[in-house]
Amino acid sequence: SERATTMTTTTSPLRIALIGTGFMGRMHTQAWRTAPHFFDLPLAPQRVLLVGHRPDATAEAAARWEWPEHGIDWREAVARDDIDAIDICTPGDTHAEIALAALAAGKHVLCEKPLANSVAEAQEMTDAAAAASAQSGAVAMCGFSYRRTPALALARRLIEEGRIGEIRHVRAQYLQDWLSDPDSPHTWRLDRDRAGSGALGDIGAHSIDTAQWLAGQRIEAVSATMHTFVTSRPRRSAVEGLG
């Protein structure tokens, strides 16, 4: 009699170290967990190491988010041979240092936006990514997640197919109100030294990238009017103390 043979396909792992235990660290954890259930991926994401800066909070986050290991030194993560990719979810003033070290070590890099706090840092990161790609095949990406939105993907396809004609004007809005309340406490996102360009780089970067991605054109000049509506914030500790 004939014997049936069962064929199985083994997908190689993508072993990940995530740097950052704040809001974006939580979101990226969920994304790594669920992505294989929605997309056919060439590699299987494997969460290996969560890195924060406070031992107790990092250990708590690792347990809650089901990371098997945790630590407080991102340099150790970059140096490990069993880590393939570094996912950077830290404040903007740390992006360049972590990304440059990871690329030099031949790691893949996913970095949250804004990419850096200055054009010079961003250019250095871009050059390092190109060099790492040529030398080791490392892939570097910035976290412009809206490119994966089905509606935008459809819009881009319609534009590429010429079905809506020549693109002459793009109007984009990003409406987010979580800091519109003047009683919301101060966070690192409101600190110029740590966050760089503030709301413009934090959420405006999505609109800028989306406009360029959809239209297939690059912004060549910028004219803007900016205003800070809330000029002072309570300290977080003071707000928490009211409870």
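Side notes on the structure shown:
- Computed about the Cα centre, the dipole magnitude for segment 67-211 is approximately 740 debye when only Lys and Arg (+1) and Asp and Glu (-1) carry charge, each at its Cβ.
- Surrounding net charge for GLY201, when Lys and Arg each add one and Asp and Glu each subtract one, Cβ distance under 15 Å: -3
- Intensity falloff of the chain expressed as log10 I(q)/I(0), Debye formula with alpha-carbon point scatterers, at q = 0.09, 0.14, 0.16, 0.17 Å⁻¹: -0.49, -1.10, -1.35, -1.45
- Rg and Dmax, both from the Cα atoms of segment 69-136 and both in Å, are 11.5, 35.
- Centroid-to-centroid separation of segment 187-201 and segment 15-64 [C-alpha atoms, Å]: 24
- A quarter of the convex hull surface defined by the alpha-carbon atoms of segment 113-243 gives 11.6 nm² as the mean projection.
- Of all complete DSSP H helices in the chain, not one has a Cα span along the helix axis of 30 Å or greater and a mean Kyte-Doolittle hydropathy of 1.6 or more.
- Evaluating kT/(6 pi eta Rh) at 37 °C and 0.692 mPa s, with the Kirkwood radius of segment 2-115 over Cα pairs in the Stokes-Einstein relation, gives 222 µm² s⁻¹.
- Taking the average, over residues, of other Cβ atoms within 10 Å as the packing measure, peptides 181-193, 31-43, 222-234 rank 181-193, 31-43, 222-234 from highest down.
- Using 0.36 nm per residue and subtracting the Cα-Cα separation, the extra length available between HIS169 and HIS53 on full extension is 37.3 nm.
- More than 16 angstrom apart: percent of Cα pairs within segment 46-85: 28
Bear in mind that the values in this text are calculations on the coordinates, not laboratory data. Everything numeric in this text was worked out from a predicted model, so none of it was measured. All Cβ positions, even for glycine, are placed from backbone atoms using ideal geometry, and neighbour counts span all protein chains on display.
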